[in-house]
Amino acid sequence: MPHRPLPIPLAASLLLAFCLAGCGEERVVYDRLDASAWGAGCSDPGIPDGGLGYVTNSLMNSVAVLDLGAGTVRATHPVGVGPLAENGPHHLAVDLARSVLYSPLSFPAAAIPAGPHAEHGSSDTPGIFVKRSLCDFRLLGQVDVDPNPGDMALSADGRTAYVSHFDLRRAQSNVGDPERQRSNLIVIDTATMTRTATIPVCVAAHGMVVSPDGRTVFMACYGDDALGVVSLDGPRPTVRLVYLGGSPPRNTTSPSYGPYSLALSPDGASVWLGCAVANVLIAYDVASGALDESRLTRRLPGKAWFPGFSPDGSTMVVPTQGRDSVTRLSTGPGMALRDQRYFTPEECTLPHQVAYGPDGLYYLVCEGRHTSDPARSQPGSILALHPDDLRTVRSFPVGVFPDAIVFAGGGAR
Amino acid sequence: MRSAVALALALLLPACADTELRLPASAEGAAIAQNPGASRSRYNVFACTTCHAVRPSEVGARLLPGAPLEGAARRPSFWGGETVHLHEAVERCWTFFMRGTPTDLDGRTGEALYAWLESLSPDGSTAGAQPVAQTYPRVVRPLGDGDATRAQAVWTRACASCHGAIGTGAGRLGPLVSIVPGDTQREHCDEVLPAGFTDRTTYVRTVVVEKVRHGSFLGYAGSMPPFSVEALSDDDVRDLTMLFRCP
């Protein structure tokens, strides 16, 4: 059947109708913002000549910023990311070149009677490693780590962070299975805030440092009564445990020495282990790869926490709890006692860390009275101690349960 | 005739092109803020405006867990002081309640939301710019008996917009939203009582207090936002718990 064309007026009308039906289609286009979203950031942390100290308030989810020269608390910034919870910022590190601060958040076991569900226990809550601007403390990145992160260390170039895990729960819930008891060293690329390695090291590791050349991480292995030496050289990391008693402990949940804190001497030649059970410090000689028995302290007045060193490394100042004190010792063989200062509760409660500040004073972190119920806790303080006689030069009131201090500016290394 | 038709078509066809309506980014933000689908999570039932009134005058009789958004872009702190950055405050809602991913807020969606919040706080305006008191007690204990005759009224003002009708859930935001009090009682009345509890009804009412105060945090699960004591008083919560009872 032949195809007969439509009459022209009809075709035109149809075409017109078809066209007009599509006419007037309105497409909404939204303008883009001229300015960067979420407000302007800042890049200059405004560090004064005297330098700043950064202190974690572990039961207040915040970091206090101390103006060392002015002797004042300049600001207190929230650093938590978990709503309503104790986020537990304990240790921290500052990278001034990148103007950032890092801290692993250690969400505590729900030991407080927060409610029927918290009583079920959430001590397996993963920790979170956060990166914040040193300028305005805005969150720049975060990455999950294992539950109960403890200490952290930053490589000299700032590109790599290391996080230990004081995971007693893991140790206690895996008794009889040493492999599963071991806590992990987690390695993080700070640029991308991603985990690049997870290395099982030892039971309930806490204090840690990275060697200046970035090749070795040293860890205080609380449950193993050992120093963990993690070599990052080569294609795969290797772990060596140096036992304080010469051999593995019989009971990893009840150590005899309990190495908890750890510090590197200024020249990087010695690693010092502070023992929270045996109340002693002992040196590990990096060059020989062995403990140095000639540099074992006598029993200190209490649990030995994080020591600070004089710039030349010839003396160290050790805080102790049990009987709250600081003790200054020679770091050479024999470890001569130089001086000792005991504190009243009003002066300093629960001394935890000593660090040598950029202004030549020792800074002592006093935890203050803290309980799991924040309402019954009292703030801690930071004491600046004179290097000659350890007298208090000034005091900084900070938040509840300050745990660690680091410095920026003022010549801080 | 053919030429006339061709000419007419030639004139008409360009007019048939789509038109473009240009709107500020804040308008897109306003649309996102009202859209539960914006977070792209199949489990999400919330829009920003589910929990926040835009302006205080729009709160009406409702008891909302979130503060009004007018002035939020100028506030110095959020979440009862837990954060001082608006981006972090919004990100918490976006990820914890709306089940979105944080990176959403670094792109176009976040840009538009920020523009909208900014538009609610014009230059020179201080309305809503003060910090909003929000206290979330970490420790939850039984509140005791309340006034059962007030329970329905509290429910209507604070709970019904998400959970729907008491007993049936009619009108609730979605099928995953619990039907109260039945689901709560079924889940908790037969549990082994924790230390400190001897009575099941007291226990389940304390669970309700915990859920109201902690939402999906501190050991509980789900997506419910917490109510601060300023948003919902202990008296109101005490009355509300009278809806719950174990056999």
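Give me a comma-separated list of calculated 3J(HN,Hα) values for segment A:319-325, in order, Karplus coefficients 6.51, -1.76, 1.60 applied at θ = phi - 60°, integers in Hz, x for any Gly or Pro.
Whole-Hz 3J(HN,Hα) from phi for segment A:319-325: x, 10, 10, x, 10, 5, 7.
Taking amide H positions as placed 1.01 Å from N in the peptide plane, with prolines and chain starts having none, which residues 5 or more places from B:Gly215, or on another chain, fall under 5 Å of its amide H?
Correct list: B:Phe227.
Going by amide H atoms built from the backbone, whose H comes under 5 Å of the H on A:Asp292, apart from near neighbours?
A:Ala283, A:Tyr284, A:Asp285
Pick from A:Thr216, A:Thr252, A:Thr344: which is most flexible by mean-square fluctuation in a GNM of chain A where alpha carbon atoms under 10 Å apart are linked?
A:Thr344
If I fit a long axis through the Cα atoms of helix A:8-21 and take the longest principal axis of the Cα atoms of chain A, what angle between them do I get, 0 to 90°, rounded to 10?
That works out to roughly 20 degrees.
Which is the longest part of chain A that has none of the GluC sites (Glu not before Pro) sitting in a DSSP loop with at most 11 other Cβ atoms within 10 Å? Display every interim value, and only then the final one.
On the way: sites that count: A:Glu25, A:Glu346.
For GluC sites (Glu not before Pro) (loop position, at most 11 other Cβ atoms within 10 Å), the longest site-free span of chain A is A:26-345.
Over chain B, what is the relative contact order in percent, taking alpha-carbon pairs closer than 8 angstrom and at least six residues apart? Before the final figure, lay out each step's value.
Details: 363 pairs, mean separation 50.8, N = 247.
After rounding, I find 21 percent.
Would you mind checking which residues have amide H under 5 Å from A:Asn57's amide H? H placed 1.01 Å from N; only 5 or more apart, or other chain.
Here A:Ser62, A:Val63, A:Ala64 satisfy the definition.
Average partner chain C-beta neighbours within 10 Å, per residue of B:80-91?
That works out to 5 on average.
If you filter segment B:143-247 for GluC sites (Glu not before Pro), then keep DSSP loop positions with at most 16 other Cβ within 10 Å, what is left? Please report the intermediate quantities before stating the final value.
Working: sites: B:Glu187, B:Glu191, B:Glu210, B:Glu230; in loops: B:Glu191, B:Glu230.
Counting only loop positions with at most 16 other Cβ atoms within 10 Å, the GluC sites (Glu not before Pro) in segment B:143-247 are B:Glu191, B:Glu230.
I'd like the distance separating the alpha-carbon centroids of segment A:165-224 and segment B:180-229, in whole Å.
First find each Cα centre; the distance between them is then 36 Å.
How high is the relative contact order of segment A:123-188, given as a whole-number percent (alpha carbon pairs under 8 Å, six or more residues apart)? All intermediate terms of the calculation are to be shown ahead of the outcome.
Values: 106 pairs, mean separation 16.5, N = 66.
The value is 25 percent.
Arranged by the count of other C-beta atoms within 10 angstrom, fewest first, what order do B:Ser121, A:Ser62 take?
Working: B:Ser121 19, A:Ser62 25.
Arranged by neighbour count, lowest to highest, B:Ser121, A:Ser62 become B:Ser121, A:Ser62.
What value, in deg cm²/dmol to 500, does the helix sum -39500 (n - 2.57) over DSSP H runs of n ≥ 4 give at 222 nm once divided by the residues of the protein assembly as shown?
Dividing the helical sum by the residues of the protein assembly as shown leaves -4500 deg cm²/dmol.
How would you rank A:Leu92, A:Leu262, going from fewest to most other Cβ atoms within 10 Å of each one's own Cβ?
A:Leu92, A:Leu262
Read-outs throughout are calculated quantities, based only on the coordinates presented, and are distinct from any laboratory measurement. These figures come from a predicted structure and were not determined experimentally. Ideal geometry is used to build each Cβ from the backbone, glycine not excepted, and the neighbour counts take in all protein chains shown.
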